[in-house]
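The values are calculated or read from the model by the stated rules, or taken from the named source; none is laboratory data. Here the structure is a predicted model, which means the values were calculated and not measured. Backbone-built Cβ (ideal geometry, glycine too); neighbour counts: all protein chains shown. For accessibility, only protein heavy atoms count, side chains too; no ligands or nucleic acids. Shrake-Rupley method; radii C 1.70, N 1.55, O 1.52, S 1.80 Å.
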Amino acid sequence: MTRITDLMLRPTRGALANARDATVSVALAVADRLAITSDLGIEGSEPGALHALSRSECYDLLRTQSVARFAYVARAGVPDIVPVNYVVDGDHVLIRSGPGPKLQAAERHELVAMEMDAIDDHERTGRSVVVVGRAERLRAGEAQELAERLGEPPWAAGPRRHVIRVRPTRITGRRLS
């Protein structure tokens with residue numbers, strides 16, 4: 001006599017089909033990802049080729065631009081992405097800010113991300129850098145000293161007396177040929 005627990009442990013045809021479908025889906029996703037990333041870092045100029053940027057190339061590219069998109073958690077787990085002006089100071093990214101949710105995220109030492117792109121629509125080429133790290137609000141004295149060194153004021157009007165420092169934990173970049 002078959003016990004009920006033995007019956008419960010036998011997979012049904014539906015469960016086997018679901019497992020097979022999931023396995024095929026994962027295998028296809030892995031194959032697609034390998035096809036996309038297999039040539040990263042290999043020099044070549046064929047149109048559409050992606051190339052990984054080194055950490056130093058990422059910093060060099062960040063220093064050539066002043067506008068990026070800044071992603072942070074605004075409130076109650078709701079992500080927000082806003083354009084910001086920034087500068088690179090050593091290994092850190094500095095963003096001037098007024099009061100509001102960006103500054104509050106920095107006060108909470110949230111994990112944030114920033115993406116900077118340099119795109120040439122006509123040539124269909126571009127470079128992109130993503131910075132991930134902890135944000136922090138600088139103390140008033142340190143913020144004022146840095147704000148004076150930062151040069152150009154932010155594009156957005158209004159007081160931007162606060163400075164957010166992002167201490168990167170990961171920097172990645174790509175170049176599209």
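Restricting the stretch 90-112 to residues that are without any contact (Cβ under 8 Å) to a residue 60 or more places away in the chain and open to solvent by 50 Å² or more (accessible area, probe 1.4 Å), the residue that is farthest from Thr169 (Cα to Cα) is Pro101. If you check Val82 against the conditions, is it surrounded by 19 or more Cβ atoms within 10 Å (Cβ to Cβ) and within 14 Å of the chain's Cα centre (by Cα)? No. Of all residues in the stretch 155-171, those that are farther than 23 Å from Val132 by Cβ and modelled with pLDDT under 65 have Cβ atoms under 7 Å from Cβ atoms of residues that are assigned to a loop (DSSP other than H, G, I, E, B) and open to solvent by less than 50 Å² (accessible area, probe 1.4 Å), 6 or more apart or on another chain, in Gly158/Gly98; Pro159/Gly98.
Taken over the stretch 104-128, residues that are closer than 13 Å to Val73 by Cβ and not acidic (Asp, Glu) amount to 8. Whether any residue in the stretch 113-123 is open to solvent by 10 Å² or more (accessible area, probe 1.4 Å), of a type in the set (Gly, Ala, Ser) and touching a residue at least 24 places away in the same chain (Cβ under 8 Å) is what I want to check. For the stretch 113-123, residues open to solvent by 10 Å² or more (accessible area, probe 1.4 Å), of a type in the set (Gly, Ala, Ser) and touching a residue at least 24 places away in the same chain (Cβ under 8 Å): present.
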